[in-house]
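Working notes, structure below.
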């Protein structure tokens, strides 16, 4: 049985989580990066990617373990000109650090991404992956995807239901909760950095006295 995670394990990422997002992506080994981006990518590519992908138009959900981001599910509009990324076709992508796989984390992130696509009136949700990526194929099929394969690449199509008032309310409530948690995490990190800086200065003063 997969472990049971608490309510703070999964939440939406905000701009204050950009360092956590970058750290997660940089920890992905070469094979995981190849599966995620469909090609081998450098650290420099990963850093540029994470810098520009947390925003209002894109929705990113993360899984945290002991305060460390270990997996993400991303949703972004395929037509960036749409206001706030609402409506039309969208694409999803997922990454889970190797030691956190086979625990149901990807499935939970998929649920959150599909719900976000639904509340944003997405017509078709696309998920591209390498044909040899069996876990991603299984995950897509689990949520009713239609899959087309062309040589080494596969593309899954999911058609989310129309949003209900309750779904919109749940999404709004979860976004507010995750924003509050992100703000608290950011403040805690700032206080910790300040404490470490003050401690370092104090120790330097003692050594020089």
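Every number here is computed from the coordinates shown, using simple stated rules; none is lab data. Because the structure is a prediction, the values reported are computed rather than measured. Because the Cβ atoms are built from the backbone with ideal geometry, glycine has one as well, and the counts that use them run over all protein chains shown.
Details
- Each residue, residue 162 and residue 18, gets one label point 7 Å from its Cα in the Cβ direction; the gap between the two is 3.9 nm.
- Footprinting exposure proxy for 129, 37 (fewest neighbouring C-beta atoms within 10 Å first): 37, 129
- Potential lengthening between residue 30 and residue 51 on full extension [0.36 nm per residue; Cα-Cα distance subtracted]: 5.6 nm
- Across the range 5-124, the fraction of Cα-Cα pairs farther apart than 22 Å, rounded to a whole number, is 32%.
- Look at 78, 25, 39 and count the other Cβ atoms within 10 Å of each Cβ; fewest to most, that gives 39, 78, 25.
- In terms of surrounding Cβ atoms within a 10 Å radius of their Cβ, 122, 151 rank from fewest to most as 151, 122.
- Here the label points at residue 151 and residue 37, each 7 Å from Cα along the C-beta direction, are separated by 2.0 nm in the simple model.
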